[in-house]
Every structure is written in C-alpha cells, then in structure tokens.
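One structure is given here, and the rest of the page talks about it.
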Amino acid sequence: HRSQQALAAERERLGNILAGTGAGTWEWDLASGRIDISDQLAAMLGQRHDPDVWPDGARQRLSITHPDDVAAMNRRFAAH
C-alpha cells in the first residue's frame, strides 16, 4: 500500500512540474511506432490532443521536423 501511495505522490509531483513549466511531452511506443503527445505539446504543434492523431509516429515526427535537421535526428535515433 505504501508503494502505491509513493507512486501516486510521484506522479502528482511530476504532473505538477510539467503543468507548471508548460513542457510538452511525448511517449513513443517503438514496437507499434505510435507516439502519444501531451495536451501541451499538441497545442505547441497547433494540433488537438487525440490518441489517434499520431498512429504512425515516424511519419508524423518527420512532418514536424525541419528538413535541415532530419539527417542529424535520424543519426541520433539510430545511435540511441
């Protein structure tokens, strides 16, 4: 029970940090290629937050990346 409380407290703390800083976040499921973006990141990108908006993460990621940055970004992802 204590570990569940600690996890809930940590999630709340991190949520407050993200809300307070206005940071946009994303999670990339590499197995499916799906990217889930936060409400804040969606707003930064001029999109609505909808889990079905980015079902093909690689394609959408490239659609918002400046063409001059694509090669370096791909190298960094491959190295990671």
- [ ] Given the options D69, D39, D29, state which has the largest fluctuation in a GNM of the chain using a 10 Å cut-off (strictly under) for Cα springs.
- [x] D69
Task: Nearest-0.05 FRET efficiency for N16 and N74, computed from C-beta distance (R0 30 Å) - done: 0.30
TODO: For helix 2-21, report the angle its Cα long axis makes with the longest principal axis of the Cα atoms of the chain; keep it between 0 and 90° and round to the nearest 10°.
DONE: 50
- [ ] Quick one: among A23, A42, A31, which has the greatest mean-square fluctuation in a GNM of the chain with alpha-carbon springs under 10 angstrom?
- [x] A31
TODO: Return one number: the angle in degrees, 0 to 90 and rounded to the nearest 10, between the long axis of the Cα atoms of helix 70-79 and the longest principal axis of the Cα atoms of the chain.
DONE: 60
Open item on the list: What does the extension gain come out to for H66 and R34, with contour length at 0.36 nm per residue minus their alpha carbon separation?
Closed with: 9.5 nm
Open item on the list: Given points 7 Å out from each Cα along the Cα-Cβ axis, report the H1 to A23 separation in nanometres with one decimal.
Closed with: 3.3
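Every number here is computed from the coordinates shown, using simple stated rules; none is lab data. Remember, predicted model here, so these are calculated numbers, not experimental data. As a convention, Cβ positions derive from the backbone with ideal geometry for all residues, glycine included, and neighbour counts pool all protein chains shown.
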